[in-house]
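What follows is a set of notes on a single structure, which appears directly below.
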Amino acid sequence: MPTKTLFALGLLAGGALALAAPAARIKIDTDRVIGEVHPHLFGNFAEHLGRCIYGGIFEENSPLADASGFRKDVMEAARGLGVTLLRWPGGNFASGYNWKDGIGPRDQRPVRPEHAWGDLESNRFGTDEFLLYCERLGVEPYICINAGLGSIEDARNWVEYCNESRDTAWARLRRRNGRDRPWGVKYWGLGNEIDGPWQLGHKNAEDYSKFALEAAKAMRRADESIKLIASGSSNFGRGADWIGWNRTVLERLRTEIDYISLHTYIGNRENNFERFLAVSRDIDERIEVVEGLIRAARSGLPSARPIHIAFDEWNVWYRARGGSEFDTGRTRLEEIYNFEDALAMGMFLNSFIRHAHIVKMANLAQLVNVIAPIFTNREGLFLQTIYFPLAEYARQRGNLALDALVQSPEYKPDGGRPLGCLDVSVTHNPQARQVFVNVLNKSEKMDIATRLACVEGKLSSAVEVWELNHPDLKATHTFGKDRVVRPRERKINAALSGNGFEYTFPAHSLTILRLTVD
Ligand code: AHR
């Protein structure tokens with residue numbers, strides 16, 4: 001049973017939780033706006049990998065698919081997730097992909113060996129299928145070019161094929177393939193994880209920057225309205241110079257790009273809950289370091305285009321990994337998520353929201369089957385534990401992120417610097433007069449009594465509570481049994497004192513309090 005607390009907690013010592021004073025406190029000021037919670041923070045990602053596309057999004061001749069071969073049940077689940085933007089075709093796959101293989105009559109498309117994941121690629125799902133899927137789903141497409149083995153000319157032609165309205169050869173080909181109007185693809189990634197030695201066509205930062213600069217120029221000549229995402233660092237913690245990579249890329253590409261990407265996957269191999277969720281500190285730090293590099297690169301160029309961070313791959317991923325990076329044949333990255341992984345969704349999203357001024361895009365990797373919240377077989381699907389926090393946070397898209405004051409008991413996850421047990425983000429919807437307080441209690445054992453108070457506006461006592469909690473951190477879902485880890489929603493009448501109230505956040509839980517502030 002969790003320890004009940006605590007308005008007199010002491011300090012956390014020696015890696016374990018000890019008690020800290022004062023009591024936890026969250027002070028909300030609707031004037032302290034960080035930035036808009038951009039709808040694209042709820043982006044997602046679909047790669048040609050395992051059963052993400054084939055058997056996930058797309059299953060021709062399935063009774064569950066529509067006439068285009070799109071799985072209707074997956075589409076409905078994706079809608080429920082609040083997805084706003086979809087990245088494609090990879091991932092590592094992108095660095096060996098020839099987009100021209102994936103257009104035209106399906107039966108005439110070539111089958112190719114695929115060298116990122118060691119599969120065969122039928123090419124039956126290609127550019128037009130992807131863009132139609134996005135249109136049906138009502139999400140913004142985001143295409144990642146092949147900056148590994150691919151050419152600048154191919155990248156440029158891809159933009160023309162998708163976006164050209166005049167009567168050019170590539171536009172004519174698109175029309176012949178059934179699409180008259182341009183698709184109008186706005187977001188283009190200048191390659192994937194090119195800093196990683198595992199990547200086909202891996203380059204050093206200088207060589208990548210030269211390639212990306214020329215690709216950007218050529219692609220913008222095909223459509224000057226596109227937004228470009230540079231391949232930032234993905235290679236953390238392996239002795240890689242991730243700061244150096246980002247610095248070089250930003251300096252060389254600062255006049256051309258709109259975003260720099262970051263990727264992070266986390267895991268709990270050592271089975272230490274509190275350390276697992278302490279990664280928030282690294283995520284915050286990576287964002288802040290890259291923000292600093294962006295500012296440095298742009299200093300002295302006041303009129304240069306703004307550059308933001310696209311956290312375009314993030315998730316928990318450690319069980320369904322092979323012995324080496326690409327030894328994934330056995331698992332196809334079919335990670336089965338548990339309750340503590342669902343809590344990690346709150347950790348990531350809180351960090352993105354706390355940095356809403358600079359993180360303007362984030363893509364959960366991935367949408368279905370492959371490290372994903374939706375899991376299918378031929379007969380149907382189930383929703384993984386991570387689905388529910390993702391769907392709930394997505395309701396805050398477009399809100400204003402607020403810089404709240406948070407004081408909470410602390411712990412020392414790695415015996416070093418103390419870290420707050422409460423991981424918090426706050427957003428405000430002024431039109432609806434609602435404030436959302438997102439609170440992850442990272443303590444495994446301790447309930448934390450907290451005073452919440454508003455500086456501005458009059459707080460109503462009517463509070464809506466969304467809570468994700470479960471006694472078993474390792475609880476999972478499967479087919480026919482996906483109601484184990486579900487949120488509990490209720491309305492409470494808070495006992496107001498001053499312009500605030502007290503609320504106890506249970507141990508190892510994720511809570512979203514919806515307040516009304518007039
Ligand atoms: O999402 C799975 C893989 O992880 C992606 O293909 C790659 O970009 C990353 O290493």
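Structure above, values below:
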read-out: Sites Met75 and Ala320, calculated FRET efficiency, Cβ-Cβ separation with R0 22 Å, nearest 0.05; value: 0.35
read-out: Heavy atoms of Asp207: accessible area, 1.4 Å probe, square angstrom to 10; value: 80
read-out: With every protein chain in place, region 21-135: carbon and sulfur % of accessible area (1.4 Å); value: 50
read-out: Selection from Asn92, Val74, Gly104, by position along the positive dipole direction of region 38-132 (Cβ); value: Asn92
read-out: Residue order for Arg175, Arg269 - accessible surface, 1.4 angstrom probe, largest first; value: Arg269, Arg175
read-out: Residue-normalised accessible area of region 430-469, given per residue in Å² at a 1.4 Å probe; value: 33
read-out: Pairwise FRET efficiency - Asp167 versus Phe479, Cβ, R0 = 56 Å, nearest 0.05; value: 0.65
read-out: Sequence of Glu121, Glu76, Glu214 when ordered by accessible area, the most exposed leading, probe 1.4 angstrom; value: Glu76, Glu214, Glu121
read-out: Computed accessible area, Met446, all protein chains, 1.4 angstrom probe, square angstrom; value: 10
read-out: Residue among Val279, Ala362, Gly346 farthest towards the positive dipole end of region 268-372, charges placed on Cβ; value: Ala362
read-out: Listed residue pairs exceeding 28 Å between alpha carbons, taken from Lys412/Lys474; Lys203/Lys442; Lys72/Lys186; Lys210/Lys360; Lys72/Lys203; value: Lys203/Lys442; Lys72/Lys203
read-out: Heavy-atom accessible area order for Glu206, Glu153, largest first, 1.4 Å probe; value: Glu153, Glu206
read-out: Sparse-neighbourhood loop sites, GluC sites (Glu not before Pro) in region 331-424 - DSSP loop, at most 11 other Cβ within 10 angstrom; value: Glu379
read-out: Fully extended contour minus Cα-Cα distance, from Glu467 to Leu120, at 0.36 nm per residue; value: 120.6 nm
read-out: Check: the chain dipole with +1 on Lys, Arg Cβ and -1 on Asp, Glu Cβ, in debye; value: 580
read-out: His263 accessible area, assembled protein chains, probe 1.4 Å, Å²; value: 10
read-out: Hydrodynamic radius of region 331-427 per Kirkwood, over alpha carbon pairs, in Å; value: 15.3
read-out: Contact order relative to length of region 260-320, as percent, for alpha carbon pairs under 8 angstrom and 6 or more apart; value: 68
read-out: Two-decimal Rg/Rh across region 121-247, once Rg and the Kirkwood Rh are taken from alpha-carbon atoms; value: 1.01
read-out: Rounded Å value of the spacing that divides the Cα centres of region 138-204 and region 422-444; value: 38
read-out: Additional length obtainable on full extension of the chain from Asp207 to Arg275, 0.36 nm per residue less Cα span; value: 20.7 nm
read-out: Near-label residues of region 462-504 by backbone N, under 14 Å of a point 7 Å along Cα→Cβ of Arg433; value: 462-463
read-out: Distance between modelled label sites at Ala240 and Asp101, nm, 7 Å Cα→Cβ extension; value: 2.4
read-out: Relative contact order, percent, region 148-269 [alpha-carbon distance under 8 Å, six or more residues apart]; value: 27
read-out: Geometric extent, Cα atoms of the chain - Rg, Dmax (angstrom); value: 23.2, 73
read-out: Label-point separation, Thr504 to Arg25 (7 Å along Cα→Cβ), nm; value: 2.2
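The values are calculated or read from the model by the stated rules, or taken from the named source; none is laboratory data. None of these values were measured; they are calculated from a predicted model. Every residue, glycine among them, receives a Cβ derived from its backbone with ideal geometry; neighbour counts consider all protein chains shown. All accessible areas refer to the heavy atoms of the entire protein, side chains included, with ligands and DNA or RNA removed. Shrake-Rupley method; radii C 1.70, N 1.55, O 1.52, S 1.80 Å.
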